[in-house]
1. When both residues are 6+ apart or on different chains and their Cβ atoms are under 8 Å apart, which pairs have a first residue that lies in the stretch C:60-71 and is free of Cβ contacts under 8 Å to residues at least 24 places away in the same chain, and a second that is buried (at least 24 other Cβ atoms within 10 Å of the Cβ) and of a type in the set (Lys, Arg)?
2. If I ask for residues that are part of a helix (DSSP H, G or I) and farther than 18 Å from A:Asn206 by Cα, which ones from the stretch A:421-436 would you list?
3. Does B:Ile318 fit the bill of being in the same structural domain as B:Gly137 (by TED's automatic domain parsing), at pLDDT 95 or above, surrounded by fewer than 22 Cβ atoms within 10 Å (Cβ to Cβ) and over 24 Å from B:Gly246 (Cα atoms)?
4. Can you name the helices (runs of 4 or more DSSP H) wholly within the stretch B:252-322 that have at least 1 residues being charged (D, E, K, R)?
5. When the residues of the stretch A:352-369 are narrowed to those that are within 14 Å of chain C (Cβ to nearest Cβ), surrounded by 17 or more Cβ atoms within 10 Å (Cβ to Cβ) and in contact with a helix residue (DSSP H, G or I) (Cβ under 6 Å, 6 or more places away or on another chain), which ends up farthest from A:Gly292 (Cα to Cα)?
6. Return yes when C:Ser274 is touching a residue at least 40 places away in the same chain (Cβ under 8 Å) and touching a strand residue (DSSP E or B) at 6+ places or on another chain (Cβ under 8 Å) and no when it is not.
7. Can you confirm whether A:Thr267 is closer than 22 Å to C:Met22 by Cβ and polar (S, T, N, Q)?
8. Does any residue of the stretch A:57-80 turn out to be out of contact with any strand residue (DSSP E or B) (no Cβ under 7 Å at 6 or more places or on another chain) and not in a helix (DSSP H, G or I)?
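The values are calculated or read from the model by the stated rules, or taken from the named source; none is laboratory data. Note that the structure is a prediction, hence the values are computed from the model and not measured. Because the Cβ atoms are built from the backbone with ideal geometry, glycine has one as well, and the counts that use them run over all protein chains shown.
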Amino acid sequence: MTKNTNIRISLPAVCVVWQIAMIILFGVFIRYDEESDAHWIEHMKEENISSHMENDFYYRYPSFQDVHVMIFVGFGFLMTFLKRYSFGAVGFNFLIAAFGIQWALLMQGWFHSFDKEDWKIKIGIENLINADFCVAGCLIAYGALLGKVSPVQLMVLTLFGVTLFAVEEYIILELLHVKDAGGSMVIHTFGAYYGLTISWVLYRPNLFQSKRLQGSVYHSDVFAIIGTLFLWMFWPSFNSAIADHGDGQHRAAINTYLALAASVLTTFAISSFSQKHGKLDMVHIQNATLAGGVAMGTVSEFMITPYGSLIVGFCTGIISTFGYWFLTPFMEKTLKIQDTCGIHNLHAMPGVLGGIVGAITAAAASESVYGREGLINTFDFKEATANRTVNVQGGYQAAGLCVAIAFGLIGGALVGGILKLPIWGDPADANCFEDEVYWELPDDEGDNISVSVHSNINHVRSMPPELYERNNQ
Amino acid sequence: MTKNTNIRISLPAVCVVWQIAMIILFGVFIRYDEESDAHWIEHMKEENISSHMENDFYYRYPSFQDVHVMIFVGFGFLMTFLKRYSFGAVGFNFLIAAFGIQWALLMQGWFHSFDKEDWKIKIGIENLINADFCVAGCLIAYGALLGKVSPVQLMVLTLFGVTLFAVEEYIILELLHVKDAGGSMVIHTFGAYYGLTISWVLYRPNLFQSKRLQGSVYHSDVFAIIGTLFLWMFWPSFNSAIADHGDGQHRAAINTYLALAASVLTTFAISSFSQKHGKLDMVHIQNATLAGGVAMGTVSEFMITPYGSLIVGFCTGIISTFGYWFLTPFMEKTLKIQDTCGIHNLHAMPGVLGGIVGAITAAAASESVYGREGLINTFDFKEATANRTVNVQGGYQAAGLCVAIAFGLIGGALVGGILKLPIWGDPADANCFEDEVYWELPDDEGDNISVSVHSNINHVRSMPPELYERNNQ
Amino acid sequence: MTKNTNIRISLPAVCVVWQIAMIILFGVFIRYDEESDAHWIEHMKEENISSHMENDFYYRYPSFQDVHVMIFVGFGFLMTFLKRYSFGAVGFNFLIAAFGIQWALLMQGWFHSFDKEDWKIKIGIENLINADFCVAGCLIAYGALLGKVSPVQLMVLTLFGVTLFAVEEYIILELLHVKDAGGSMVIHTFGAYYGLTISWVLYRPNLFQSKRLQGSVYHSDVFAIIGTLFLWMFWPSFNSAIADHGDGQHRAAINTYLALAASVLTTFAISSFSQKHGKLDMVHIQNATLAGGVAMGTVSEFMITPYGSLIVGFCTGIISTFGYWFLTPFMEKTLKIQDTCGIHNLHAMPGVLGGIVGAITAAAASESVYGREGLINTFDFKEATANRTVNVQGGYQAAGLCVAIAFGLIGGALVGGILKLPIWGDPADANCFEDEVYWELPDDEGDNISVSVHSNINHVRSMPPELYERNNQ
């Protein structure tokens, strides 16, 4: 069975048709919000706002840019570790993120920023951050499928993934009034189970045929560390980007910084311990060091205390590294889930843990720790939830986690079924993890030629090129 | 004809003499402005400024740092794609940008920040951003010449390029009162035609002699994507960095974000469609995805609406990719313009389009859309231009575009003539695109040795080094 | 003599035990400060703070993230230049920085942020920046030892290094009331002499046995430029991160930007001049271009004037490049100091110069230049130092430099002695600069296999490979 991987019609068609759809929908629905509209200066006077600094842009733009780097360089380069799939890793990540953020602005806009007076979605900087967050779920899912799907499948995965995300997020944040500023549940848990379920549906029993391509090479591993580090460094911005102004953003950054630091130490510890001679495994370092950031997604704006953050990072570093050591091979053999990047260890387990820690921390909150107003602000105990106790909030947090898992599993099964159709141009088992399938590749032999040739440069100059080329072979 | 590429006297001489000139000119002319001077705290009291936050530093510093990354990592790494010119790409980019920003502070300072009371230029954070913008024009021009010129030529190109830029910018922004916050015209159009004209003057009919070096290798392409992504991610900061405080910066970031996202989708579409088997071409992805940012340079702070931004990105992605597909080979063959990085497709065409879109959008502006004050603020209809109508403004915008093109063409012809003199140490045709010419290169064979040697490490230890070395050959 | 480099027990033990110690100490001592605590909203009302923008988070967070990138990507990638030590460079940098920032929060907290009322250290964003600064000292020291020590030794180096740093910093900043916002003395001078002294104690006379691994390869040099550039671009944030709000931060950024630009030009000049054919040496470009930033650490917030900054950058670029050219080989042969990254040229000499320039600039300060209040603010002439003259301040600045050097030398000798114990798993002379010792490495032969194999992709599926190969051509 030779598969047809020619996407010359399908990929351009999907890209162009969907982009046109975006333009039409944006034309009908999307406008600037108060703070990005040219009427802002009049608005300032009406509302007695004394300084442009109060424009939300200045509160959130630095964090937004950090998140943006995480989405495009962080996620993209983290997946470049395979020896011959760096183009696909960073390139398809680029494609689906660029599409996903547009669709997310619409989907999230309808649920969160819809102005019923004029039937428009009003967007500002916070919407851009949320759109980046939303595609993060799909990029996580891509991690499980890396190298085994076509770009057209990834576009479909993103279309449905963003849609599911927006609904799930609406239920968790707006209906259940759950707090999840950094998305342990909404982003990581959902994204990971979505991707793992799709991978389970698309199980390839003969994937060993491309085994020669499943490893890394030295420099591809170094590229992947670029992704790791930009994710690691900017995760405090990720978890604080849409937290409350003032102490909320401040605390979220500190907590995340600490949890991540602790993850690094336990990851190095378990990684060294996992090998006979105590040698470190780069796969662990590239991934499990980030687990603390995932697990702090829900809880980072709470008063979890600095040592609480260290404990969370400590545990997730261990769990995640053990996952890479034991669970990934187990899942592939027993559960028939092929998880290229090990998202189960980096996103699913730490995400679920983050949701649980969030529920416990919320249930344990008190006025003495938060202050009366601080408690109301942090958990948003206003209007519909003005009478909630912290215990009830804890229960709702746990319910939110279940919703995220359910959406991941059910959504993944449905979308997996769609992606199984034999029309999407996915690669044959022996061609997986191979950029050659979807990319015009440079001829790397050329590299050696350049080295060997420049010694006889002088005699090249006066020769016609055809002759030269022949001469040189 | 063997060329002399020894720059041991000329490069150090140019660097040291020019740097000393900078020190003297800075000593005579440049001082801190009100907000970076230690008198600021007294100034605050005089002007009743209540918070340090009102210091322009806090409005612009995050954007400045993003722009700084675009100049040095973005432009630098974008050009590392050639298999043996990564040192020259990122290294010479570093050199000329570091020189250019100093000269730009002086040139732009004389025109824009000159205090006639004490005959000093007063600089603050906005001057640093403008200096970075100014050298961007020269770095764009370098893209056309990559691999074919000596660092001394590049220094000359930058000296004149910055000078021309400052004059052109003064005419467009100060005399014609044209708006161009992100520099579609002032930076991209000027820079591209400046570089293309120089390349045309320096045409090398026998460039095929270095054909073996004109391609990429796998990992050099991955390095180049780093440049692409940092440019792509931070372009919203580029276009908003010197926009008006408040809604101006906010809107510029949103519009640019959207246009760039749309460019990605149409670039992938056309790239896949351009190849027989639908395979993607990394050259397109590395470059044309950025076209939306270039084209939004003028218009990003206007009320172009979100869907308007998507349309601009949609069109420029298509145009730019088609440029790489058809125009670059055509220009080389027919017009004798050798454009290494394809700046015509990435900067010239989208820049011109951006200027035109800017003129149309300005002419179509109205009080109902902008609000009375918003319109005045956005287009700066004050003092000299208080009576301008939007139609007149549109006309001036178009005139500004013509000035940018004219400066690029005429300036490029003049500077090209200077660079044609046989004194600059440029490489022979067969040595183009070759780092060996200007850099001490590591011996890459060493890499393989390291792999093969460590298996016989044990017997190495007890041997004298001379013996070992012999043994290993 | 074959050394035992198995760290399967020691590394995990150190990591886990120390991380648990951190958790306990954080539990006992560390809490949120006023601005990151949920009581902030009540605090705002009490103190009549009108806007969340006044939270220090918004003054410092963008600079913090830039510093964070310098620590993890900047320092990490700068050291990836060796052909086979990229994993160790960036990986161990990651490990010790993640540990060091935790220990630094405690050590610096006890000295600077200790609340005697409730015996707690209160942390906010400024503490995170200072913790990053503190580990920078240890990362500099790592530069001298790169490739010759085990990760366990590095953990020990960091434990003591952070401790020494905190004491030295307390003496210089709090007892002597010396100004050193960017740490020319406190960070660079101390860190460099600390590392150089350790390297001198650990001198390896037979290091030539790993000579084959001491060079770079083409792509490892390109990776290292990533480190260079992120350090270079973000150095203005480093020197301004903890400067005074307002003009202090503003001026520090401008001065550093200028000094760095001047360093680039003189580095290129001397580098080209140092080689017979005028070819540039990538080692110089990667390192000496940064010397201006180091030297501006003390003086960047002073009114040194823009041309003064250029002069500092001009001189340090020259000195640093000459260091790489002459001093490094001299030090290795004559002084028996093996300095892998040349930190003597990048940190020690420019750091000392920065301290001296700081002393002179402080002594030359005047009310006419700073304004009455500006002078008090800049040099913090309040309370204990209210009666200091600028000359006295200059003397104290010079004393601070001596303290930094003394701590580096004495601390380095002590720690070097500890690290000489034969229990830490350091590599044998012939295995230095070799990732193989501490890392599971991918099999790079695989890379070539992948190239040759993908032409015969079909065969894997159902055919024996030989047959397929024929079939597919």
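1. none
2. A:Asp435, A:Glu436
3. Judged against the criteria, B:Ile318 is a match.
4. none
5. A:Ala365
6. So C:Ser274 fits the description; yes.
7. Considered against the rule, which asks whether it is closer than 22 Å to C:Met22 by Cβ and polar (S, T, N, Q), A:Thr267 comes out as yes.
8. The answer is no, given that none of the residues of the stretch A:57-80 is out of contact with any strand residue (DSSP E or B) (no Cβ under 7 Å at 6 or more places or on another chain) and not in a helix (DSSP H, G or I).
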